[in-house]
Amino acid sequence: MLTFSDFLLEFLASSPSSYKKLWMDMAGYSWPDDAVPRVSKKKLNEQTVRRTLSRLKKGGFVESKNHFWKQTAKGEEYLKEKLARLLPPRRRKMRTKKKNLIVAFDIPETMRRKRDLLREELVWYGFEQLQKSVWFGPGPLPEEFIEDLQCFGILWYIRFFQATEKEIVGREFDRKEN
């Protein structure tokens, strides 16, 4: 089961930010029902976030430089190991595959919750965000997932492209390989 600390770690992995922006994003975030098991939505307050960040910082899972919070390598490794134990087998298998798929979407604001769910699922499948609605990760995605997108009525707004890490210009891993 994921704790609030785990959820906060994952949140910081996808969007490092200042504390003020972090709190504003989290306060306005539409939480999945099972995402915050130990902290009810009513009890989520600024003090809870501050205490959790403090504990994570003491443990070496997050760091703050110039008032900018982000996940550390230790936090990333911890979360990766924990998620590997919790993920359903099809998601676990996807995370070990080589990244070769770009998912781009333009889902209307009227379908915001469905768009947020898509982003959450892409994270679970091991995708990383290149831009707000452009993601890169392992493919092909399972047929069950594509069928779910069709049932949600959002498949029409999504495009899939095959690519390798070397084909994506300007990424950090391009510089590391050379």
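Observations, loosely collected:
- Set Lys82/Lys132; Lys80/Lys166; Lys58/Lys99; Lys58/Lys97 screened for pairs whose C-alpha atoms are more than 31 Å apart: Lys58/Lys99; Lys58/Lys97
- Potential extension, Glu144-Gln162 segment - 0.36 nm per residue separation minus Cα distance: 4.5 nm
- Extension gain for Leu155-Lys20 works out to 45.1 nm (0.36 nm per residue, less the C-alpha to C-alpha distance).
- Residue separation of Ser54 and Thr3 scaled by 0.36 nm, minus their Cα-Cα distance, works out to 16.8 nm of gained length.
- Sorted by Cβ density within 10 Å, fewest first, the residues Lys58, Lys97: Lys58, Lys97
Coordinate-derived values only; no laboratory data. A quick note: this is a predicted structure, and the numbers were derived from the prediction, not measured. As a convention, Cβ positions derive from the backbone with ideal geometry for all residues, glycine included, and neighbour counts pool all protein chains shown.
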